[in-house]
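*Asks:* For reference, the structure I am asking about is given below.
The values are calculated or read from the model by the stated rules, or taken from the named source; none is laboratory data. Note that the coordinates shown come from a computational prediction; the quantities given were computed from them, not determined experimentally. Here the Cβ positions follow ideal geometry from the backbone for every residue, glycine too, while neighbour counts run over all protein chains shown. Each accessible area value is taken on the protein alone, full model and side chains, heavy atoms only, with ligands, DNA and RNA left out. Shrake-Rupley method; radii C 1.70, N 1.55, O 1.52, S 1.80 Å.
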Amino acid sequence: MAPKRGKHKKSKDIDWTANENFLKERSMIYIEHTTECPIFQTKAEEFGSFLQEHFPERLFQLVRNKNGTPRDGAFEIGFSQNARTSVHNLWSGLDKGPPRRDKFPANYDMLLPDVQRILKKFYPDKPVGMDEDDEDENETYD
């Protein structure tokens, strides 16, 4: 019989930088979230699904609370191109709230420009998740 809790514990023990686990095409999503309320876990999963929908050509690995016990009230999102590149902080809800909803981004679309920048930083010749015209050229509309 499977344990009731801990369905995500296995990913915590995996060394994603090790040759046998590393894929250049796998971007890493690092989320520190408190366990005081289930909505924090749900929001972490939602963000992973959101990125997969917007960048179907990429693989994503959600790593929760990689540094052990999360801080009270924490919901922080870090992102890296792959497991061997630096982690960029996309969101911190640590000092936000109450109400609890302020701990999370109002919508994940606001984080897309940073994700796109991080992905393009390492592969500048390969547009990721956007058309070439989308970036800066067509900002005005008639």
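*Asks:* Name the residue from Thr85, Thr42, Val63 whose Cα lies farthest towards the positive end of the charge dipole of region 23-93, charges +1 on Cβ of Lys and Arg and -1 on Cβ of Asp and Glu.
*Replies:* Checking the options against the dipole of region 23-93, the answer is Thr85.
*Asks:* Within region 58-96, whose backbone N sits under 19 Å from a point 7 Å along Cα→Cβ of Asp15?
*Replies:* Backbone N within reach: 63-64, 66-68, 82-87.
*Asks:* Kindly sort Arg117, Arg26, Arg100 by accessible area of their heavy atoms, largest first, with the probe set to 1.4 Å.
*Replies:* Arg117, Arg100, Arg26
*Asks:* Pairs Lys43/Lys103; Lys43/Lys121; Lys66/Lys121; Lys43/Lys96; Lys43/Lys66: which are spaced more than 20 Å apart, C-alpha to C-alpha?
*Replies:* Listed pairs above 20 Å: Lys43/Lys121; Lys66/Lys121.
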